[in-house]
Amino acid sequence: ISAQPLPFSPKIRRLRERKWPQKMSIALGVICADGVILAADTRVVAGTVTRDIVKVHSTHTATGSYAMAYATNDGNAAATLITQLIADLDRDDPKSLAKVEEIVTNRMIVWASASGFHQPPDVQFVLAVSVNRIVGGGTALYFCEPPNTVLPHTETDDSQGYVSVGCGNEVTDPIYRTLFLKHGTARMKLREIAYLMYRAKKDNAAFCGGKTNAVLIKNGNSPPVWILPVDMAVAELNGGPL
């Protein structure tokens, strides 16, 4: 059988270098009698590479106190968004929860639109706010997702004052809603968070791990209160007690 020439010349394509997506881990927020507590692990997994980053950030202005904890497929994109959002809050120093929601929404829209025709990075974060004003102020917990989702969570709705983001919430959500009451002091809620983080790292060890960073946004206008990672580590090791 004689070989026949192909009617066209095939183009040899170079295979693209595979970009491994970073896996979401766990970040959560809980309302307590003293304010709102946010916490997140430090684990980021990109393919076969694991590294640790800080995913909880806070700021304090003349009128308010704020904290954000994120889970994302793109740590650099999330850090950029949070840095810009903190700069907006520092500059504008909003005098009401409604104004905070407006600032957060506007920043997320601008951030998402910077991606142009491309899908913006998958970023979700939990926001804790305390605005020290009698009219329009208060303490609040939000679930946020670009471009324009800013959803409040309270102790009186189905969330029971709890919200989480990242793949670890497959573990933490049913535990919280089954075992824990919606009312409690900061100390009590920190015990619960320690147990939730312990379970997320144990049951979803491929994507959740590292240290736990936690911060309390108190009612009124006190600076954010950071919990020492070593204290959270001891609490997780002992199954929750602080």
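The values are calculated or read from the model by the stated rules, or taken from the named source; none is laboratory data. Quantities reported herein were computed from a predicted structural model and do not represent experimental measurements. A quick note on method: Cβ atoms are made from the backbone with ideal geometry, for glycine too, and the neighbour counts reach across all protein chains shown. Quick note on the areas: whole protein, heavy atoms, side chains included, nothing else; ligands and nucleic acids left out. Shrake-Rupley method; radii C 1.70, N 1.55, O 1.52, S 1.80 Å.
Using a probe of 1.4 Å on the protein chains alone, the accessible area found for His183 is around 110 Å².
Taken over the chain, the percentage of Cα pairs per 10 Å bin, counting from 0 up to the bin with the maximum distance, is 8, 31, 33, 16, 4, 3, 3, 2, 0, 0.
Phi angles of the range 71-86 translate, via the Karplus equation with coefficients 6.51, -1.76, 1.60 and θ = phi - 60°, into HN-Hα couplings of 10, 7, 8, 9, x, 5, 5, 5, 4, 5, 4, 5, 4, 5, 5, 4 Hz per residue; Gly and Pro are given as x.
The phi-based Karplus calculation (6.51 cos²θ - 1.76 cosθ + 1.60; θ = phi - 60°) puts the 3J(HN,Hα) values of the range 145-162 at 8, x, x, 8, 8, 10, 10, x, 10, 10, 6, 9, 9, 5, 6, 6, x, 9 Hz, whole numbers, x for Gly and Pro.
What is the angle, in °, between the Cα long axis of helix 169-179 and the longest principal axis of the Cα atoms in the chain? Nearest 10 is fine, range 0 to 90. In the chain, helix 169-179 runs at an angle near 30 degrees to the longest axis. From Cα pairs below 8 angstrom and at least 6 apart in sequence, can you work out the relative contact order of the range 134-242, rounded to a whole percent? It rounds to 22 percent for the range 134-242.
Computed from Cα positions, the angle between helix 97-113 and the longest principal axis of the chain comes to roughly 10 degrees. Of all the options Ala194, Ala214, Ala62, the one that moves most in a Gaussian network model of the chain with Cα springs shorter than 10 angstrom is Ala62. In whole angstrom, note down how far apart the Cα centers of the range 136-189 and the range 98-118 are. Computed from Cα coordinates, the inter-centre distance equals 22 Å. Between 0 and 90 degrees, the angle of helix 186-203 with respect to the longest Cα principal axis of the chain falls at about 20 degrees.
Label sites at Lys202 and Asn76, each approximated as a point 7 angstrom past Cα along Cα to Cβ, lie 3.7 nm apart. Of Lys95, Lys201, the residue with the largest accessible area leads and the full order is Lys95, Lys201 (1.4 Å probe).
When Lys and Arg each count +1 and Asp and Glu each count -1, what net charge do the other residues less than 12 Å away from Glu236, Cβ to Cβ, add up to? Computed value for this residue: +2.
Accessible surface calculations at 1.4 Å, restricted to protein heavy atoms, place the range 33-157 at 43 Å² per residue.
When peptides 216-229, 65-78 are sorted by average Cβ neighbour count within 10 Å, with the highest value leading, the order is 65-78, 216-229.
Remark: the Asp157-Arg91 segment gains 20.5 nm on full extension, using 0.36 nm per residue and subtracting the alpha carbon distance.
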